[in-house]
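Here's the structure we're looking at; comments come further down.
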Amino acid sequence: MLKQRILTALVLLPLALAGFLLLEGGVFALFIGAVVTLGGWEWARLAGFAEQRSRVGFAAAVAALLLLLYWLPALAAGVMLLGILWWLLAVPLVLNYPQSSHRWAGRGRRLAIGLLILLPSWQGLLLLKQWPLGNYLILAVMALVWTADIGAYFVGRAFGRRKLAPQVSPGKSWEGVAGGLLACLLVTVAVGLFRGWLAGELALALVGTTLVVLISVVGDLTESMFKRQAGLKDSSNLLPGHGGVLDRIDSLTAAIPMFVVMLWLAGWGIF
């Protein structure tokens, strides 16, 4: 399994980075859209649609909505705000699972939630790409998520005692979350000192980092919650050794909208 994971990562990571950093405009939107559409195909299974026809149908609907959003960029602000609203609502749902499951038990509701997860993440990446230092911003949000994951893993293994959401993901602890957050805050301070940020700028960056990291944890837990409800270990087996696309991007789907909105509030770009 470990060898399989490493081989898959060695193939996918360069392809993903090349797509994120080298592609532009409509080709970039198509590349990200393909990933999100595959995520839609997987989400339909988490929503309770085991039959292939329904899953493909939902993936096609996701692709059609992405195309509509590409044609109507004026909808971007609304999409991002809806994404943020969903992730804020997801917090009590995750922390109160399984008691909260009746609130999203219907298959229609779960499909709607899938759209609130997938569409804003695609829209957010398109906005980042268009803003000043777009590639660096995309790398920054990815680096925050990866740093948080690595910090949480090692700190959680060493010091984890209090379970974060035991009914959703028994392996995650509050200590792990704190460790991942601390690692990201230290990285943010290092970047701020390197770039010569003023004290106020650094303080705002630390607040933004905290919100992005915490919401990324919610993204991870949300997918775990839906997988647990559906009785699934992975969202699919598309990526040997890694599960499915959603298993790789779950944290990012939450982190990207928050990252974009924080930058927008700071005056970095416009919708």
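What follows draws every value from the coordinates through simple rules; no lab data is involved. Computed from a predicted structure; not experimentally measured. All Cβ positions, even for glycine, are placed from backbone atoms using ideal geometry, and neighbour counts span all protein chains on display.
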query = Among 212, 60, 122, whose Cα sits farthest toward the positive end of the charge dipole of the chain (+1 at Cβ of Lys/Arg, -1 at Cβ of Asp/Glu, about the Cα centre)?
reply = 60
Least to most buried among 86, 146 (fewest other Cβ within 10 Å first) = 146, 86
request  = Specify which labelled value, from [x] 55, 49, 39; [y] 72, 42, 27; [z] 72, 69, 32, agrees with Cα extents along the principal axes in Å derived from the coordinates of the model shown.
outcome  = [x]
ask   = Where does the chain land at 222 nm, in deg cm²/dmol rounded to the nearest 500, when only DSSP H runs of n ≥ 4 count, each adding -39500 (n - 2.57), divided by all residues?
value = -27000 deg cm²/dmol
ask   = Looking at the chain, how many pairs of lysines come closer than 22 Å at the Cα, when each pair is eight or more places apart or spans two chains?
value = 6
note = Inter-part gap, Cα centre of region 189-208 to Cα centre of region 36-83, in whole angstrom, is 36 Å
